[in-house]
Amino acid sequence: MQVFVGRQPILDSRLQTYGHELLFRSGPCGGFDGTDAVTATQTVLANTFLTFGADRILGSQKGFVNFPRELLVDDATLSLPHRNLVVEVLETVEPDQEVIDGCTQLKQAGFLLALDDFVQRAD
């Protein structure tokens, strides 16, 4: 069985690699194929942390993974390794109280959180 994970570098202000965004890939030549966000994230996490091993994919760097709403509010997410995983909150996630509570729990458990494609609104 073949498994795939896309890896895109994330650079700091000195253009040094800080980490990598880990992306769902369905095959060696494909990009995102429209798989639903929960399945895509779960596949990236399984391939990175179970199949390949985070040290092999990331070394000592951070892995940024897109998290849809369903996984931000799921207590099972707290069991993931927080040492090298950055939880990216997707731009499609509405910050309701359940999401805020889930993000607070993740932060208290030691996770770093990042906003994906954030655009400030003038609401």
field: Members of segment 79-123 found to be within 16 Å of Phe49 (Cβ to Cβ), of a type in the set (D, E, K, R) and either in contact with a Phe, Trp or Tyr (Cβ under 6 Å, 6 or more places away or on another chain) or open to solvent by less than 100 Å² (accessible area, probe 1.4 Å) (or both), listed by number
entry: Glu88
query: Which pairs have Cβ atoms under 7 Å, sit 6 or more apart or on different chains, and link a residue in segment 36-55 that is closer than 15 Å to Asn84 by Cα to one that is part of a loop (DSSP other than H, G, I, E, B) and open to solvent by less than 10 Å² (accessible area, probe 1.4 Å)?
result: Ala54/Asn84
Candidates Arg14, Arg69, filtered to the one that is of a type in the set (Lys, Arg) and open to solvent by less than 80 Å² (accessible area, probe 1.4 Å): Arg69
message: Looking only at segment 92-123, how many residues end up being of a type in the set (D, E, K, R) and either farther than 14 Å from Arg69 by Cβ or under 15 Å from the mean Cα position of the chain (by Cα) (or both)?
response: 5
- line: Over segment 32-45, the set of residues modelled with pLDDT under 80 and exposed (fewer than 11 other Cβ atoms within 10 Å of the Cβ) is Asp33, Gly34
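The values are calculated or read from the model by the stated rules, or taken from the named source; none is laboratory data. Remember, it's a predicted structure, so these values are computed and weren't measured experimentally. In this analysis, Cβ positions are derived from the backbone assuming ideal geometry, glycine residues included, and neighbour counts consider all displayed protein chains. Just the protein is used for accessible areas: all its heavy atoms, side chains included, with ligands, DNA and RNA removed. Shrake-Rupley method; radii C 1.70, N 1.55, O 1.52, S 1.80 Å.
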